């Protein structure tokens, strides 16, 4: 091959490699940017006086004297709202039956919208559900609920050739000329005084437990459960994977059986994760019964089987990449096979083995299907270490899916969903960073 052609090919490959890196970086930005932006809103947002009330009453956090003074100001701004509602209710009783019937249903909608916005009216019986005991705790949701209080929504299906069209009608038109008419303008112009929003940094979102199915509070049980499952899976998978790789590379004689084993390992690496979940349910729970029901132990064992093929293959390749001269020199000096593997081959192959562990750790932390049947629950308390042997736990992957698809107030807790995704990505990155730093440190020591 001519020198000019070789240089041209080298430059072409370099350019293609650079383009591939840029495309991957752009894809990473496109994927992570929305997660980081929306996930950060679980930690940094405008909290209303209701949020500070929840923190004080449910988590015993905050300055009680400052909150009391601030709440008095909010109550003073809310008093005209309740006075106008009481005046309209008195007016409603004085109306004839026909007018009362026309106003009753629209007023019930307004009353319900205000209860969601501000919480129960003073003097009313405290609702049973925690979410009904407080108004809106976040300023963005407050503005959405204000819009629902100011406008009634109907769908227009008059055009049979098109989808329904949302028609919003100002509620003030329904109460024109009544005692309730000034209420809507008052709410629109005095909302800041009523709700008193303030910039809030809620870092306890990671360390608080949830209240009322994640309507309030944080995600600590989910974070702890994810760590338990990930570290438990690595605890089982790493020794088995490395030992299996050592056997295949250093002890097993090449033949049909070894080739068949390698094919099986490669096949297992491509099996869908839901299959491992069903196997974990059938084997670990129903057959050998490592626990009476779902448990972190059963989930960790299932995840360890999921990542075991990756660890075996990466460890095997790392061991085979060690120069043969290392082994021959050790054996020539009189070292036994096991001593050579333990003191020469494994240390030299450790950076490559850690690479496979890093990849496997990220996959174990983010898997959902294997833990659905073996370890995960929707709501639960943080577990002690000894409770992981017999108790299930919430986990970030499963709860993200559960909150996005099955929660009854899915739109109310979008910030929790994205906050969980943000936290899961951060945990995976931190675990990977820790493993990468360890690998770099070991590599540096090996190089002297």
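The values are calculated or read from the model by the stated rules, or taken from the named source; none is laboratory data. Just so you know, these numbers come straight off a predicted model, no measurement behind them. Positions of Cβ are backbone-derived with ideal geometry, glycine not excepted, and every protein chain shown enters the neighbour counts.
Go through 115, 83, 50, 72 for me and flag whichever is part of a helix (DSSP H, G or I), closer than 23 Å to residue 213 by Cβ and free of Cβ contacts under 8 Å to residues at least 60 places away in the same chain.
Just one listed residue meets the conditions, 115.
Test residue 142 against the stated conditions and say whether it is under 38 Å from the mean Cα position of the chain (by Cα), in contact (Cβ under 8 Å) with a residue 40 or more places away in the chain and closer than 30 Å to residue 415 by Cα.
Yes.
Looking only at region 43-62, decide whether some residue is in contact with a strand residue (DSSP E or B) (Cβ under 8 Å, 6 or more places away or on another chain), at pLDDT below 90 and in the same structural domain as residue 146 (by TED's automatic domain parsing).
no
The rows are residues; the columns are (1) within 26 Å of residue 219 (Cβ to Cβ); (2) touching a residue at least 40 places away in the same chain (Cβ under 8 Å).
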| site | (1), (2) |
| --- | --- |
| 407 | yes, yes |
| 414 | yes, yes |
| 431 | yes, yes |
| 438 | no, yes |
| 441 | no, no |
| 445 | no, no |
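Specify which of the listed residues (358, 416, 377) is in contact with a helix residue (DSSP H, G or I) (Cβ under 6 Å, 6 or more places away or on another chain) and either closer than 25 Å to residue 230 by Cα or crowded, with 20+ Cβ neighbours inside 10 Å (or both).
358
Taking region 273-329, which residues are closer than 16 Å to residue 349 by Cβ and not in a helix (DSSP H, G or I)?
321, 322, 323
With assigned by TED's automatic domain parsing to the domain that holds residue 112, out of contact with any strand residue (DSSP E or B) (no Cβ under 9 Å at 6 or more places or on another chain) and either in contact (Cβ under 8 Å) with a residue 12 or more places away in the chain or closer than 25 Å to residue 59 by Cβ (or both) as the only criterion, which of 193, 181, 154 stands out?
Of 193, 181, 154, the one residue that is assigned by TED's automatic domain parsing to the domain that holds residue 112, out of contact with any strand residue (DSSP E or B) (no Cβ under 9 Å at 6 or more places or on another chain) and either in contact (Cβ under 8 Å) with a residue 12 or more places away in the chain or closer than 25 Å to residue 59 by Cβ (or both) is 193.
For region 16-51, give me each residue that is under 30 Å from residue 193 (Cβ atoms) and in contact with a helix residue (DSSP H, G or I) (Cβ under 6 Å, 6 or more places away or on another chain).
38, 41, 42, 43, 46, 48, 49
For (1) under 20 Å from the mean Cα position of the chain (by Cα); (2) within 29 Å of residue 287 (Cβ to Cβ), each residue gets a yes or a no:
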{"residue": "357", "(1), (2)": "no, yes"}
{"residue": "364", "(1), (2)": "yes, yes"}
{"residue": "367", "(1), (2)": "yes, yes"}
{"residue": "370", "(1), (2)": "yes, yes"}
{"residue": "379", "(1), (2)": "yes, yes"}
{"residue": "383", "(1), (2)": "yes, yes"}
{"residue": "398", "(1), (2)": "yes, yes"}
{"residue": "403", "(1), (2)": "yes, no"}
